[in-house]
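Comments concern the structure below.
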Amino acid sequence: MNANTKKLIRAALACDALEASDFAGLLKLCTLEEVRQGTPIPDLTQGPELRILVSGEIQQTLQGRSFRLSAPALYGGVCGGLEMPGLAEVGLALSDILLLRLERSVLEDWLATAPERAQVGNRLLQLSLARQRAMSEAQEHLPVRREKDLLGEREVPQSVYYGVQTLRAVENFAVTGIKLMHFPKLVIALAMVKKAAARANRKLGLLDVPRTDAICQACDEIIAGRWHGHFVVDVIQGGAGTSTNMNANEVIANRGLELMGHARGDYQHLHPNNHVNLSQSTNDAYPSAIRLGILLSHGDYVRALSDLCYELKQKSVEFSDVIKMGRTQLQDAVPITLGQEFDAWYSTLKEDIEEVRDVVEYFREINMGATAIGTGINTDPEYSSLVIEELAQISAQSVVAARNLIEATSDMGAFVTFSSVLKRNAVKLSKLCNDLRLLSSGPRTGFAEINLPPMQPGSSIMPGKVNPVIPEMVNQVAYQIIGNDITVTMAAEAGQLQLNVMEPVIAFNVLQSLQLQIRAIRTLDEKCIRGISANRERCRELVNNSIGIITALNPYIGYENAGRIARQAVEQDMSVREIVLAEGLLSPAELDEVLSAENMTRPRRLAASYRMKTVA
């Protein structure tokens, strides 16, 4: 890399203030790509790689409209999938250009290592904002198509796959800012449901081959992760999920139309309701997709929890010889090993793995074929069994027809139970993190029995302070999940007659709790538990100076003697060991045996050695 290229990179990333060693380290993370004038360049907005234009000019095409980016510029936004996914389709080098390529994750790690590198991150955000402005300006001039529904005609941007009903929902429900696309497994589940319905309808002769193939191919693309950026309805919405269902119907229909060689919105060839939604209602397609989304996600949850349990078990073995004081009501109790403490955490979380595996089975019962209220109106008698068979094959999940479709259409009991299990696990994790915060408190004036890995500076005013930020984060996630569980409970109770119109808020809170819990568990595992170390001498010191060890002497000197010695030790600032030896109640060898870590932290037989001593 020549000096001129390094100069261009310094200017593009605002590296002038970086020390030479830091800049050299950054360069090692980079790959340079020279592109000749006229060469097309694929857009990698949602990929793992960041591309920065350090010299030259690029033209990007946005659904028939173009905008230019001149160096320095970001070719693919920092925010990845949140930056108008699916809109910027292709780029063209207007001159010979030089692209700097960086893996996003590697760059993030490099930025997080030293505060002075933050200026590079700020520069990337500035470039990202500039790119978004250019894209927005191009989008403002995009062509539109006219679509109509029950309420009349509306203009829909030609660049999007959704249609008029989704457009109205976006306008009506600007509530949380959290869109369907933020729950990829739900979007995938919706596509699987639609594909299963198309295949079932084809077998029944209700849908012709070209339409079936177009629907199935569009669904396959969504299942593979494409077009999620067009699932734009807010997760909280009125209408019991109709807006979500129509968002899926319209995206699939318009993508299917393209695959058939027709224009988006030309619904006479492939219609969102008549073809994509054939034999379905929101009231069976939507809840079935939610249940399937949970089935597709719960494996990640079980794996994350299993990994955390494994690390806790490893720590229990590592710390099996570290004796420390146990505490009840924050007062000294009796000795315990640090390994036993970690093993208890392991055991309580291990229970939740089996619990969630049991409870998730409720979601295998789905109500496809129920249509509006569970009676199956507008479906073939064989449709329900066929569509569920297809869905099981497409999703690789064991799903079965609900025993009573009317009950299954209105009952939210499975969501209440599953949310409760997530809450139970969140409460346990929060308690564990409370313990970690106490045990690591200090470093000089707290318990200081363990060290948590330092993750970031802890104060803007107190130098050297490092906080237990990972356990604190898990605590806050637990509070959110507890609140979500209350919402799920109230929304499930609010159902009326043959439908629960509160399903969107139930789905949102259950899926959010699941998503939050998976991320919190992984973070706790990777950034906290694995790096914990024990302050062995500190633990031993606290045991030796504690009054709590007097409990181990009860069988040998009697409860009254033990109580007297405990009081004397506190009043005279003496150790229990000193007083027992001074009064000749036990010999040094006997005392060492009784107060050994092994004998104080597990049951032992007293028959052979038991002898009560009394004071003369």
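The values are calculated or read from the model by the stated rules, or taken from the named source; none is laboratory data. All values derive from a computational prediction rather than experimental measurement. Glycine gets a Cβ as well: all are built from the backbone with ideal geometry, and neighbour counts include every protein chain shown. Quick note on the areas: whole protein, heavy atoms, side chains included, nothing else; ligands and nucleic acids left out. Shrake-Rupley method; radii C 1.70, N 1.55, O 1.52, S 1.80 Å.
Probing with 1.4 Å while keeping every protein chain in the model, the per residue accessible area of segment 348-420 equals 46 Å².
Could you work out how much longer the chain between residue 39 and residue 27 gets when fully extended? Use 0.36 nm per residue separation minus the Cα distance between them, nm to one decimal.
1.8 nm
Cross-link partners of residue 148 among aspartates and glutamates, defined as those whose alpha carbon lies under 13 angstrom from its own and excluding same-chain residues fewer than eight positions apart: 250, 266.
Binning the alpha carbon pair distances of the chain at 20 angstrom intervals from zero yields the distribution 16, 36, 30, 13, 4, 0, expressed in whole percent. Of all accessible surface on segment 358-456 at a 1.4 Å probe, what whole percent is carbon and sulfur? Carbon with sulfur: 51 percent of the solvent-accessible area. Element breakdown for segment 152-243 at a 1.4 angstrom probe: carbon and sulfur atoms account for 53% of the accessible area. Looking at segment 181-283, the accessible area is 31 square angstrom per residue; that uses a 1.4 Å probe and ignores ligands, DNA and RNA. Compute the label zone of residue 482 within segment 339-378: residues whose backbone N is under 13 Å from the point 7 Å along Cα-to-Cβ. From segment 339-378, the list is empty. Heavy-atom accessible area, probed at 1.4 angstrom with all protein chains present, ranks 345, 227 as 227, 345, highest first.
The residues neighbouring residue 315, those whose beta-carbon lies less than 12 Å from its own, together hold a net charge of -3 under the Lys/Arg +1, Asp/Glu -1 convention. To the nearest 0.05, what FRET efficiency results for residue 220 and residue 441 with a Förster distance of 41 Å applied to their C-beta separation? FRET efficiency, residue 220 to residue 441: 0.15.
Taking Cα atoms only, the orientation of helix 413-439 departs from the longest principal axis of the chain by about 50 degrees. Note that segment 474-610 presents 51 Å² accessible area per residue, ligands and nucleic acids not counted, probe 1.4 Å. Which entries of 324/423; 185/313; 7/28; 179/527; 195/423; 179/428 show an alpha-carbon separation above 22 angstrom in the structure shown? Checking Cα-Cα distances, 324/423; 185/313; 179/527; 195/423; 179/428 exceed 22 Å. At the residue level, residue 441 shows approximately 40 square angstrom of accessible surface with a 1.4 angstrom probe and all protein chains present.
Beta bridges assigned by DSSP with both partners in the chain are antiparallel in approximately 95 percent of cases. Enter the angle in degrees (range 0 to 90, nearest 10) between the Cα long axis of helix 104-113 and the first principal axis of the Cα atoms of the chain, meaning the one along which they spread out most. With both axes taken from Cα atoms, the answer is about 40 degrees.
In degrees between 0 and 90, to the nearest 10, how far off the longest principal axis of the chain does helix 282-318 point, with axes built from Cα atoms? It is inclined by approximately 30 degrees. Shape of segment 143-237 from the C-alpha gyration tensor: oblate (a/c of 1.5 or more and a/b not above b/c, with a ≥ b ≥ c the square roots of its eigenvalues).
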